[in-house]
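Written out below as structure tokens is the structure these notes cover.
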Amino acid sequence: MSKKVLIVGAGFAGVWGALAAARLLDEQGKTGADVEITLISPKPALDIRPRLYEPSPQDMSAPLLPLLEAIGVRFVEGSVAEIRSGAKEVDVLTTDGGRLTLPYDRLLLTSGSKLFRPPVPGLEEHAFSVDQVEDAVELDKHLASLAGLPASPARNTVVVVGGGFTGLELATELPQRLRAVLGAEAKVSVVLVDRAAEVGAGLGANPRPAIAEALGSLGVDFRGGAGVAAIDATGVVTAAGTRIDAGTVVWTGGMRASSLTAQVSSSLDPLGRVEVTPDLRVVGTDHVFAAGDVAHARSDDQGNYALMSCQHAIFMGRFGGHNAVADLLGLPTLEYRQVFYATCLDLGEWGAVYTEGWDRQVKLTGAEGKERKRMINTAWIYPPAPIRAEALAAGNPQITFG
């Protein structure tokens, strides 16, 4: 019987993990008869989550079945309900209502993350998000419906809560999206509320002037120094006691790792990520690896740790998939290293700001930055074509950029 590698989750880490696992099998002259690789996910598509702040979010996914068929990876459509690492089994709730128990020899956990929703009064009932495709589609439909409501300042106002990467990208995209719905001459208002006093605090000092310039040119009102204390159907109240009337509130306040991490380890960081060894093996296990948003992994020798981003997930996925198969075949595993780090923050009609390094040295801004963002969002973060040689090459963990 073939040995079995299970990959839980078809996000960026899971897809690139499957590519890397299949690549090493091919390199070693092995086939599915020797090692069967199975990818488990609720749907056979990769949702391009970094693009969900854009219009038409229903189009932000890439089909996976042709790619997986090309590289010889089995797909199981369902959600993992339980991981029994002691028995080396996983229980899957299939989308047709069934339940499967799948054995494994090596497991790669890549189940990703979800938006963190704290117990803020009214958040669940009244706030939108762009966390998942379904959430972003709901927001998109809501924005389209605004034109059918009586004109008022509140109708034309959107409050975005959270000034991190997603909050900034959404807030700077919204003026254009609102005018597309309400008319070019409509007086629209986008208010960005953040607990941090400075704009773009999490991105550091270097890109801050570009971010501030973009917000100013687009008319986005930054309200820093106080988070949101309550949300209702007609707006928000900040922690400072200020009320903002708004017909639309969008929550972007941080991420937490998939709850499956607690089933494979009791050693979790504050974001719910499992602690891993340098080769991405979950600490305390000998057969479970983790990559992407579920792994608290050191990325270089300067003390930097991978972030919850597709950039780190893709690279980690390559190492995780490679190492799961290498360990199974008795080959040396590789230490995860990702020396190159860059960010590209979309800033709506103003352009974008592209930085390199953990100190985020600004390399491109405005239209030049926007072109780099376009390449990232429309090409670089998409899976390779379902051509076997190209797909396997994309799984090489020794790639240092892209």
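Each reported figure results from applying straightforward, stated rules to the coordinates on display, with no laboratory input. Please read these numbers as outputs of a predicted model, since none were measured by experiment. Cβ coordinates were reconstructed from backbone atoms using ideal geometry, including for glycine residues, and neighbour counts include every protein chain displayed.
By how many nm would the segment from TRP380 to ASP59 grow when fully extended, if each residue of separation counts as 0.36 nm and the alpha-carbon distance is taken off?
Separation in residues times 0.36 nm, less the Cα-Cα distance, equals 113.9 nm.
Calculate, for GLN302 and MET1, the FRET efficiency according to 1/(1 + (r/R0)^6) with r their C-beta to C-beta distance and R0 45 Å; round to the nearest 0.05.
E between GLN302 and MET1, to the nearest 0.05, is 0.50.
Which percentage, to the nearest 5, of the DSSP beta bridges contained in segment 123-251 is antiparallel?
That works out to approximately 30 percent antiparallel.
Report the residues of segment 228-272 in range of a label on ALA186: point 7 Å along Cα→C-beta, backbone N strictly under 20 Å from it.
Only 233-236, 244-251 pass the distance filter.
Looking at this model, which pairs from LYS114/LYS363; LYS30/LYS114; LYS187/LYS363; LYS3/LYS114; LYS4/LYS43 are more than 29 angstrom apart at the alpha-carbon?
Over 29 Å Cα-Cα: LYS114/LYS363; LYS30/LYS114; LYS187/LYS363; LYS3/LYS114.
Multiply the residue separation of LEU149 and VAL283 by 0.36 nm, subtract the distance between their alpha-carbon atoms, and state the gained length in nm to one decimal.
42.8 nm
Could you work out the Kirkwood radius for segment 72-230, taking every pair of different alpha carbons, averaging 1/r and inverting it, reported in Å?
Answer for segment 72-230: a Kirkwood hydrodynamic radius of 19.0 Å.
May I ask you to compute the full-extension gain from VAL339 to ASP245, defined as 0.36 nm times their residue separation minus their alpha-carbon distance, rounded to one decimal in nm?
Gain on stretching VAL339 to ASP245: 29.3 nm.
Give the distance, in whole Å, between the Cα centre of segment 226-299 and the Cα centre of segment 52-128.
Result: 16 Å between the Cα centres.
What percent antiparallel are the DSSP beta bridges of the chain, to the nearest 5?
50 percent
State the percent of C-alpha pairs, over all pairs in segment 190-232, separated by a distance greater than 18 angstrom.
28 percent
In degrees between 0 and 90, to the nearest 10, how far off the longest principal axis of the chain does helix 12-27 point, with axes built from Cα atoms?
It is inclined by approximately 20 degrees.
Could I have the simple spin-label model distance between HIS142 and GLU213, label points 7 Å from Cα toward Cβ, reported in nm to one decimal?
About 3.3 nm separates the two model spin labels.
Any chance you could list the semi-axes, whole Å, largest first, of the equivalent ellipsoid that the Cα gyration tensor gives for the chain, using √(5λ)?
39, 22, 20
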